[in-house]
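Remarks on the structure that follows.
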């Protein structure tokens, strides 16, 4: 059995340097790693929102969290607020972490379904999650593991960060571990005559970079996995209609942007200490991503320490580039810091993410619109899965096939979660939303939604990325309320259930009131 001696990473950016950093860290210099990138080729670099799994990745790299936050202009993220998705005027937060606590073997939402609308408990489902309540209050605190019985122990978070700065940060990290960076544009790919395996890449200068294992981080070009090997692409645009985005950063400063834009502006931004709402940057530095549904797509808003990232994801069948750009520019919190740029994409995945001796990481492996901040997660999961299935120079097909099957399953699970946001809309005000509401969906998803609609039951399969709590919040948030609830709820008295629910919302309210504002928390401990 001959070992792989050299890994060549084609392309930099977030995907390339995440791959380089983790492989260098875990191989402990036993592998030669060379990353080839060209400064002439830009990166998309709009993936600035993450999910909590990024903390595990950074932990494996042994990064200091405060140093990472300062170097990437990061802020904290408790979840995503969805506005106008269920219907125009509606809003909810998909928060990370727990929803209250279970009572017996049933989840909280089962009891809430029985008593909602009675006036005896809060009808606002967000009141039962520390993450969603804190997000609406514009407050943040890291989890308190010393307070085991408190909701403060249950706070889960991710980050908003500048993807370009994160790539630079990981580049410095990886180069210290011995990763070699080579500047140059690839003009040709050399393949082995006998089986088509990649032997090396030829640069414009004439230099040849040889390797045993190649990681394709060339973005949507998919230089190795598709242009060279022809791995194939599975198109999912019939379920996920958006195929373009326009992106632009903006400042926090504009006279008409003194207040945050949450629909719950009044109660959400009141500080118990002062009795006055947050204003200025403190109000705009929200600890959550915003996703605002528009006529033919949706707009993202991601606050960093030094700017706000904005984008409008849209379906070109229903809206022109100029219309989409105008909508985005009319809905910025501050002055634009660059010219808006159009990004074209096709939603779907490679039929084979690992083919021969090439593994595609990042956009070269496929594209899932950033509705639930999964882009960086998919980089992370493919890199970690490659490490788990790391081959020898023989590249046994069984390892490759198992790897591809697991990646395929993860992509499909995420795809179905994203489809759900579009499918369960009640909107009928524009052609795109009517099409989404009426479209056919994959059979497993149809069965899952039917089970939920009957009695609020939800059972995920395997190692799905999104937990039950994520599905529950999205389904309830967008108005898909079950027709009934689990009959075991009725084994408990109404008084017991009322006390259980009200105790949770009351304790969460007190915990949130004691938390500092998100802006103050950053200012005190991790300002860039």
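Any read-out appearing in this document is the output of simple, stated calculations on the displayed coordinates, not a laboratory observation. Being a predicted model, the structure only gives us computed values, none of them experimental. Methodologically, a virtual Cβ is constructed for each residue, glycine included, from the backbone with ideal geometry; neighbour enumeration extends over all protein chains shown.
Annotations
- Cα-Cα separations in the range 326-451 greater than 21 Å, expressed as whole percent: 56
- Antiparallel beta bridges, as assigned by DSSP with both residues in the chain, represent about 70 percent of the total such bridges.
- Point-to-point label distance, residue 88-residue 483, nm (Cα→Cβ direction, 7 Å offset): 3.1
- Helix axis angle, 494-513 relative to the chain longest principal axis, alpha carbon, degrees: 60
- Computed from Cα atoms, the angle from the helix 163-176 axis to the main principal axis of the chain rounds to 50 degrees.
- Ranked 372, 323, 40, criterion: other C-beta atoms within 10 Å, fewest first: 40, 323, 372
- Which of 511, 217 has the fewest Cβ neighbours within 10 Å, and the rest in rising order: 511, 217
- Label positions at residue 331 and residue 468, each projected 7 Å from the Cα along the C-beta direction, are separated by 3.4 nm.
- Cα Rg over Rh - the range 423-521, Kirkwood: 1.07
- FRET E, pair residue 183, residue 405, Förster distance 22 Å, beta-carbon r, rounded to 0.05: 0.05
- Nearest 10 degrees, 0 to 90: helix 397-423 Cα axis against the chain principal axis: 40
- In range of the label at residue 338: residues from the range 146-173 whose backbone nitrogen is under 11 Å from the point 7 Å along Cα→Cβ: 163-165
- Percent of Cα pairs exceeding the 23 Å cut-off, where the set is the range 294-398: 45
- Cβ-based exposure ranking for 238, 306, 421, in which fewest neighbours within 10 Å come first: 238, 306, 421
- Were the residues from residue 502 through residue 60 laid out at 0.36 nm apart, the gain over their Cα-Cα distance would be 155.2 nm.
- In this rough spin-label picture, where each label sits 7 Å from Cα along the Cβ direction, the residue 395-residue 523 distance is 5.6 nm.
- Highest to lowest packing among 352-364, 77-89, 171-183, scored as the average C-beta count within 10 Å: 352-364, 77-89, 171-183
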